[in-house]
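**Student:** After the structure tokens below, expect a handful of questions from me.
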Amino acid sequence: MARGATADSGSRGRHCVSLVPYGLNQQHPNSYKDMLSAFWENHDSLGYAWRILNDGCCDGCALGTTGMRDWTMSGIHLCAVRLQLLRLNTMPAMDWRRLEDVAGLTKRSGEDLRKLGRLAVPMVRRKGDRGFRRVSWDDALSLIAERLRSLDPHRIAWYVTSRGLTNEAYYAHQKVARFIGTNHVDTSARVCHAPSTSAMMSTVGCAATTCSYSDWIGSDLIVFVGTNPANNQPVSTKYLYYAKKAGTKIFLVNPYLEPGLERYWIPSVTKSALFGTRLADDFFQIRVGGDIPFFYGVLKHLVENDWLDRDFIATRTAGWDAVEAQVKGLNWEGLEPGAGQSRAEMLRFARAFGQAKSAIIVWSMGVTQHRYGTDNVKAIVNLQLARGNVGRPHTGLMPIRGHSGVQGGAEMGAMPGAYVMGYAVNEENARRFSRPDYWGFEPPAWKGMGSTEVIAAAERGEIDALWQSGGNFLDTLPEPDRVRRALERIGLRVHQDIVLSSSILADPADTVVLLPSRTRYEQRGGGTETSSERRVIYSPEIPGPRPGEARDEWEIPVMVARQLDPERAAPAFPWKDTQDIRNEIDRVCATYKGIANLRRKGDNFQYGGARLLADRFLTPDGLGHFTAVSLPEETVPEGRFILATRRGRQFNSMVLGPVDPLNGAGRDAILMSAEDAAQLGLSAGDAVILRNELGEFHGHLKIDRVAPGSLQAYWPEVNSLLPAGRLDVSGVPDYNAIVEVLRG
Ligand code: SF4
């Protein structure tokens, strides 16, 4: 689609991409090949793999399923991400003796380490040891309990991955952390969407998506900002197919024209599988970090043309006058270069947006993982409030989540600022939770740190113990060398996981304990997940093999709490299985009332109903709050580029394919505009070096449709160029960097 192109007129097949069947002449994911390779990978356990797919709730992204069905459409719901993750659940245990000497493992890629098999026995490695030695569960638990008992809780931290875990596991982990006395508890959810949480809480009073996926179908307009659901939530392209059939227009606001949002071949829709589907109707190519000036420019046009919902602004919102004054004071000469879009382009967006009767804005990491992530989200909220686009059918704010545990993890209290959803960490709530009808022990009321702050504190020698359930800081955070130094200064590291990762192999400062965990499908009594649209979904226990001595995810920290202080732990953790945990969540978390009734495949409820904010906002005064955010002060020195990180054929750090099937780029690709390449005298495929004060990255040039002046390269390959200290006010790292480009 050419920039600025609009939807084709109403001829039949107007959304088709190509008459060549299956898009054989085009670059796009080959879903049939993915199915075949999943079949081959799981050929030794096909029955179990099928039961997981057919009965379990997908452990991939946060769209949410029951088996291979969902609540948005009637067709099959399955994608390559889920198939690629399947082997993590079905593969046999690794030979634990391989860990007795880690020298041969430290050079291996993350994928190679995962392929060794599931972790099956508890192990311990001490400072100076060549590797881990096998221990009994009793010895491992006693060692951890004894050490934690002797430490200052302010120097103990907890981190729980957002991939694959259940609400019950998050709740158990964070409750144990609070039982031990620390509020340094976090999930990777916050590294993704903490800016959305902080911006939405202060403006509309809730942090969750305000509408349902089904609202996409029939909305006048869906705007995707800084997000690539074709890669991260692939089945959403099927929702978009149905939305287009219902007449919905799709706009993209991004520095890169994402090929998967421009057009997609949806494998389970025959016509689309054969001829493809054009998704995007228009594209607005902002510069990296140009969100706020762009949205201010759009708002300026809305004001100048009176494309506003004045009734809504007057009756349901506060703070408009300040924003209107701010908008009127801004001039186009400042907004255009900041946004990377002309006044006319912003008018084109404003006209369609201002005249749409309903619109949904969807965003993710391209908006949040910036130094100004929170303000970026507030600028999006401003637009939706100005048009009254919340609470009505086909309208809403949607911070779309990438991982199955992102929504529930934070809501179950695996974050520094809340004991559980609705109960912020403070003295009053600490006293409330000390009552027997809550926890029966008083949790700490001091301010805890998020994971990026914890790693910085560890580098300074201020963290004595870190419990990591899943996750891999070494492969995900900026400046991996500093992350390694930080991990190797922590006296006690507990890694609870299903497979090996590079972080597990980092040298011990004193002791590293490895605890093998079960997956969600192996967990006794099943478990629940909360999807992006606030749907709490039951995933049953799936009969099948269980690796070695692995224990249920929720049970492992609880066993440590019982060893650490049996007397206090007995009433605090009376749980036998996940049903007991659901009963407790039902009692202490009003929003999750009803979770105790989820017992069978398909059981679910959507808290808050299909749409939030229909009658009032959830802020203390019941109003939606506009914010007069400042324009970002970001200058790129002459001759330098702003580098944004992108995800390719991957799913966080667990799935990493060598080629991005959406654009054909290898993992060392550096995406640059044709205009910039011509100016530098570079051609496609040239060896190129990206350099800044932190280091160098050697890659190959791919000329593509990125905004001039900006580059894109793959995460985590370029993490060594990202400055660790550049954080949004919510604590999320800025995953962008200023670099120079040299011929390789
Ligand atoms: S789109 Fe997400 S929820 Fe759906 S199958 Fe794929 S990974 Fe699972």
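The values are calculated or read from the model by the stated rules, or taken from the named source; none is laboratory data. Note that this is a predicted model, so its numbers are computed, not measured. Glycine gets a Cβ as well: all are built from the backbone with ideal geometry, and neighbour counts include every protein chain shown. We work out accessible area using only protein heavy atoms, side chains counted, and drop any ligands, DNA or RNA first. Shrake-Rupley method; radii C 1.70, N 1.55, O 1.52, S 1.80 Å.
**Student:** With the condition kept exactly as written, say whether any residue in segment 678-696 is open to solvent by less than 10 Å² (accessible area, probe 1.4 Å) and either at pLDDT 90 or above or of a type in the set (Ser, Thr, Tyr) (or both).
**Tutor:** Keep residues of segment 678-696 that are open to solvent by less than 10 Å² (accessible area, probe 1.4 Å), which gives 688, 690.
Retained after the next criterion (residues that are either at pLDDT 90 or above or of a type in the set (Ser, Thr, Tyr) (or both)): 688, 690.
For segment 678-696, residues open to solvent by less than 10 Å² (accessible area, probe 1.4 Å) and either at pLDDT 90 or above or of a type in the set (Ser, Thr, Tyr) (or both): present.
**Student:** Please state which one of Val235, Val269, Val288 is over 20 Å from Ile360 (Cβ atoms) and within 16 Å of the ligand (Cβ to nearest atom). Can you show your working first?
**Tutor:** Values: Val235 fails: over 20 Å from Ile360 (Cβ atoms); Val288 fails: within 16 Å of the ligand (Cβ to nearest atom).
Just one listed residue meets the conditions, Val269.
**Student:** Something else now. Could you check segment 94-129 and list, in sequence order, the residues that are surrounded by fewer than 13 Cβ atoms within 10 Å (Cβ to Cβ) and farther than 15 Å from Leu514 by Cα? Please lay out each step first, then the result.
**Tutor:** Taking segment 94-129 first, the residues surrounded by fewer than 13 Cβ atoms within 10 Å (Cβ to Cβ) are 95, 97, 101, 103-104, 106-107, 109, 112, 126-128.
Answer for segment 94-129, where residues must be surrounded by fewer than 13 Cβ atoms within 10 Å (Cβ to Cβ) and farther than 15 Å from Leu514 by Cα: Ala103, Gly104, Thr106, Lys107, Ser109, Asp112, Gly128.
**Student:** Let me ask something else. Considering only segment 471-489, state which residues are in contact with an Asp or Glu (Cβ under 7 Å, 6 or more places away or on another chain), closer than 22 Å to Gln369 by Cβ and open to solvent by 10 Å² or more (accessible area, probe 1.4 Å).
**Tutor:** Result: Arg482, single match.
**Student:** If the Cβ limit is 9 Å and pairs must be 6+ apart or interchain, which residue in segment 503-519 that is on the phi < 0 side of the Ramachandran plot pairs with which residue that is hydroxyl-bearing (Ser, Thr, Tyr)?
**Tutor:** As it stands, the answer is Leu505/Thr106; Ala506/Thr106; Leu515/Ser469; Ser517/Ser469, since those pairs meet every condition given.
**Student:** Hey, among Tyr32, Tyr48, which residue is under 18 Å from Lys238 (Cβ atoms), assigned to a helix (DSSP H, G or I) and either more than 12 Å from the ligand (Cβ to nearest atom) or over 26 Å from the mean Cα position of the chain (by Cα) (or both)? Working first, answer last.
**Tutor:** On the way: Tyr48 fails: under 18 Å from Lys238 (Cβ atoms).
The conditions single out Tyr32.
**Student:** Another question, if that's okay. So which of Ala103, Ala62 is more than 16 Å from the ligand (Cβ to nearest atom), out of contact with any Phe, Trp or Tyr (no Cβ under 9 Å at 6 or more places or on another chain) and either in a strand (DSSP E or B) or of a type in the set (Gly, Ala, Ser) (or both)? Spell out how you get there, then give the answer.
**Tutor:** Working: Ala62 fails: more than 16 Å from the ligand (Cβ to nearest atom).
Only one candidate passes the filter, namely Ala103.
Residues checked against (1) modelled with pLDDT of 95 or more; (2) buried (at least 18 other Cβ atoms within 10 Å of the Cβ); (3) closer than 30 Å to Arg705 by Cβ:
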site: Asp281; (1), (2), (3): yes, yes, yes
site: Phe284; (1), (2), (3): yes, yes, yes
site: Tyr296; (1), (2), (3): yes, yes, yes
site: Asn305; (1), (2), (3): yes, no, yes
site: Ala318; (1), (2), (3): yes, no, no
site: Ala322; (1), (2), (3): yes, no, no
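**Student:** Cβ-Cβ distance below 6 Å, separation of 6 or more or different chains: which pairs start in segment 54-65 with a residue that is under 14 Å from Gly405 (Cβ atoms) and end on one that is among the hydroxyl-bearing types (Ser, Thr, Tyr) and within 6 Å of the ligand (Cβ to nearest atom)?
**Tutor:** The qualifying pairs are Cys57/Thr65; Cys58/Thr65.
**Student:** Within segment 35-45, restricting attention to residues that are within 16 Å of the ligand (Cβ to nearest atom) and crowded, with 16+ Cβ neighbours inside 10 Å, which residue is nearest to the chain's Cα centre (by Cα)?
**Tutor:** Ala38
**Student:** Here are some residues: Leu78, Leu113, Leu86. Which one is outside any loop (DSSP other than H, G, I, E, B) and within 12 Å of the ligand (Cβ to nearest atom)?
**Tutor:** Numbers: Leu78 fails: outside any loop (DSSP other than H, G, I, E, B); Leu113 fails: within 12 Å of the ligand (Cβ to nearest atom).
Step by step, each of Leu78, Leu113, Leu86 is checked, and only Leu86 is outside any loop (DSSP other than H, G, I, E, B) and within 12 Å of the ligand (Cβ to nearest atom).
**Student:** Of all residues in segment 89-100, how many are within 16 Å of the ligand (Cβ to nearest atom) and in a loop (DSSP other than H, G, I, E, B)?
**Tutor:** 0
**Student:** When residues of segment 181-216 are filtered for being within 16 Å of the ligand (Cβ to nearest atom), of a type in the set (A, V, I, L, M, F, W, C) and modelled with pLDDT of 95 or more, how many remain?
**Tutor:** Matching residues across segment 181-216 total 1.
**Student:** If a residue counts only when it is closer than 30 Å to Met200 by Cα, which strands (runs of 3 or more DSSP E) contained entirely in segment 672-729 have at least 1 such residues? Talk me through it step by step, then tell me what you get.
**Tutor:** Values: elements: 687-692, 695-703, 710-714.
Per the criteria, 710-714.
**Student:** Residue by residue through segment 164-185, note down the ones that are among the small types (Gly, Ala, Ser), under 22 Å from Tyr521 (Cα atoms) and either out of contact with any Gly (no Cβ under 9 Å at 6 or more places or on another chain) or part of a helix (DSSP H, G or I) (or both). Can you show your working first?
**Tutor:** Quick first cut of segment 164-185, residues among the small types (Gly, Ala, Ser) only: 164, 169, 172, 177, 181.
Next, from what is left, pick out any that are under 22 Å from Tyr521 (Cα atoms): 164, 169, 172.
Result: Ala169, Ala172.
**Student:** Then there is this: Could you tell me which numbered condition Arg108 fails, if it satisfies all but one of (1) among the basic types (Lys, Arg); (2) within 16 Å of the ligand (Cβ to nearest atom); (3) part of a loop (DSSP other than H, G, I, E, B)?
**Tutor:** (2)
**Student:** Within 16 Å of the ligand (Cβ to nearest atom), under 28 Å from Ser214 (Cα atoms) and of a type in the set (A, V, I, L, M, F, W, C) - does that describe any residue in segment 401-410?
**Tutor:** yes
**Student:** Moving to a separate point now. Can you tell me how many residues within segment 186-223 are more than 17 Å from the chain's Cα centre (by Cα) and either hydrophobic (A, V, I, L, M, F, W, C) or open to solvent by 10 Å² or more (accessible area, probe 1.4 Å) (or both)?
**Tutor:** Selection size over segment 186-223: 14.
**Student:** Let me ask something else about it. Any residue that is at pLDDT 95 or above, within 16 Å of the ligand (Cβ to nearest atom) and crowded, with 23+ Cβ neighbours inside 10 Å - is there at least one of those in segment 506-519? Step through it out loud before you land on a result.
**Tutor:** In the first step, residues of segment 506-519 are kept if they are at pLDDT 95 or above; the result is 506-519.
Of the ones still in play, those that are also within 16 Å of the ligand (Cβ to nearest atom) are 519.
Checking the rest, the ones that are also crowded, with 23+ Cβ neighbours inside 10 Å come to 519.
Yes, the conditions are met somewhere in segment 506-519.
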